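What follows is one structure encoded as structure tokens, with my remarks underneath.
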Amino acid sequence: MNNALKDLLYRSLDTPLAPKEQAKLDEALASDKELQEEKRLLENMRSMLNENAEQKFGPFFSAKVMQKIKTQSIKGDDFISSLVWSFRVTAIAAAAVVVVLFAHNSFIRKDISIEALLSMPQTSIEETWEFELPGENL
């Protein structure tokens, strides 16, 4: 089967052909078994698609879909609340770790103060200014 005849067959299913083209296609269909089989398969496929399309979609299907899309976009949460929802478990676990570390530091130092919780001694500006790094006594 040549491609020109196949093209004529495909076009004949969608639009009426010119009389010369229709005669050429009819002549080829009468003699070519492969072209006849191709036409039969195409017609079966089209009828199955038409049957399925009628069964799946009811009236006003596209209007219902568009309305659903509009209501979903109106109800949509903003970006920040989506992030909070997504990382809630991570945030809770991190907060628990911080509380445990604060409790541990407070227990080790036997003191409840900011310095004990953060495990950092409070340093004055004068002490910071006079702070020497090891190896600077040269």
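Listed values, structure above:
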| quantity | calculated |
| --- | --- |
| Per-region count, the stretch 1-25, residues loosely packed, with under 13 Cβ neighbours inside 10 Å, in a helix (DSSP H, G or I) and without any contact (Cβ under 8 Å) to a residue 24 or more places away in the chain | 7 |
| Some residue of the stretch 43-52 being at pLDDT below 75 and not charged (D, E, K, R) | yes |
| Near pairs, Cβ below 7 angstrom, 6+ apart or cross-chain, from the stretch 33-51 (surrounded by 10 or more Cβ atoms within 10 Å (Cβ to Cβ)) to any residue that is of a type in the set (Gly, Ala, Ser) | LEU35/ALA28 |
| Criterion: at pLDDT 80 or above, surrounded by 10 or more Cβ atoms within 10 Å (Cβ to Cβ) and part of a helix (DSSP H, G or I) - qualifying residue of ALA116, ALA96 | ALA96 |
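The values are calculated or read from the model by the stated rules, or taken from the named source; none is laboratory data. Quick caveat: nothing in here was measured; it's all calculated off a predicted structure. For neighbour counting, all protein chains shown are included, and Cβ atoms are generated from backbone atoms with ideal geometry for every residue, glycine included.
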